[in-house]
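Here is the structure we will look at.
Taken together, the values in this text are just the output of simple stated rules run on the coordinates, not laboratory data. Fair warning: this is a prediction, and the values are worked out from it, not measured in the lab. Cβ sites come from the backbone with ideal geometry, for glycine too, and all protein chains shown count toward neighbours.
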Amino acid sequence: MTHQPLIQARELDARWRAQPGRTIVFDCSWELTDPHAGRAMHEAAHLPGAHYLHLEDEMSGATNGRNGRHPLPTREAFAARMGARGVGADSLVVVYDSVGNPYAARAWWMLRWLGHTEVAVLDGGLAAWQAAGLPLAQGATPAAPARALVPAPAAVGSVDRELLLANLDGGPRLVIDARPRERFTGENDMIEKVAGHIPGARNRFFRDNLDGTGCFKPAAQLRAEFDALTGGHPAAQLVMSCGSGVTACHNLLALELAGLAGAQLYPGSWSEWSTWPGAPVATGQA
């Protein structure tokens, strides 16, 4: 089975009560400038029974100075990590965070990359759970029993730097960058050593996928906004990028909701692209 990309707070509460052994929830909260903040946020307030999933320790591979800040691990390594955290082939995995769900979207994409399609993002994250009047817990959640998880055929795709370099010469793919406008244009980037974006890319700040409550906009609105940005480009020719392959997954989730499935992730994103000598760099608004 394949779960819908989003789950609402009360639906999750009901599923959790009905199938407590099958449903496993991860809090993916993270702060880009402080790698310890996410766990602190989790221990201060989280869904009862939710486990903390660390972006760098569990959802990233080793860095080598040329593969970006949050490179993907191998599928086998990530499957082993998820199995050790209690995810099995029959698990419904629900992921969320407390900052707009970009880190939850990374977990959602990675589980589908493993071929585990029974995964959903809690729409609105921690705030939506609180708004529904549901209880919170503090401290660390006891570890779940380990289970076996074996990668299956991937339900999502990715592209590498070499393919995008070749695409610069009139290729069909269109890159969409999920970073804030000032980082995309190169006006103000306090994170990367080189500012700017991949030539030809267009900007869709991931938070533009959300409404005023922090939930995803309706599907029809998302579709209209992406079609306006891409000129109706086929989804299969779209490549999502960002700083390090994390917030790009938020745009991939939004595309899925909009009925535009098939776009791919550039996992290394700008933090990989910009570290290679002679990498083409564009600045300003596309």
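Just a few scattered comments:
- Degrees between helix 75-84 axis and first principal axis of the chain (Cα, 0 to 90, nearest 10): 20
- FRET efficiency for the I191 to T2 pair, using the beta carbon distance and R₀ = 41 Å, is estimated at 0.75.
- Alpha-carbon centroid distance for the pair region 248-285 / region 107-150, whole angstrom: 24
- Mean Cβ neighbour count within 10 Å, used as a protection proxy, ranking 244-253, 193-202, 146-155 highest first: 244-253, 193-202, 146-155
- Most to least packed among 112-123, 59-70, 225-236, 82-93 [average Cβ atoms within 10 Å]: 112-123, 82-93, 59-70, 225-236
- Dipole magnitude of the chain, debye to nearest 20 (Cβ charges: Lys/Arg +1, Asp/Glu -1, about Cα centre): 340
- Spin-label model, A282/L136: points 7 Å from Cα along the beta carbon direction are separated by 4.2 nm.
- Residues V159, V175, ranked from the fewest to the most other C-beta atoms within 10 Å, line up as V159, V175.
- Mean ellipticity per residue at 222 nm, deg cm²/dmol - from DSSP H runs of n ≥ 4 across the chain, formula -39500 (n - 2.57): -8500 deg cm²/dmol
- Take every pair of alpha-carbon atoms less than 8 Å apart whose residues are at least six positions apart; their mean separation over the length of the chain yields a relative contact order of 22 percent.
- Note on R10 and Q221: with the Förster distance fixed at 22 Å, the Cβ-Cβ geometry gives a FRET efficiency of about 0.45.
- Theoretical gain in end-to-end length, A154 to A77 [0.36 nm per residue, Cα-Cα removed]: 26.3 nm
- Length-normalised contact order of region 57-109 in % [C-alpha pairs under 8 Å, at least 6 apart]: 23
- Relative contact order (percent, whole number), region 141-223, Cα cutoff 8 Å, 6+ residue spacing: 22
- Nearest 10 degrees, 0 to 90: helix 9-18 Cα axis against the chain principal axis: 40
- Separation of region 193-232 and region 1-77, taken as the distance between their Cα centroids, equals 23 angstrom.
- C-alpha long axis of helix 102-113 to longest principal axis of the chain, angle in °: 90
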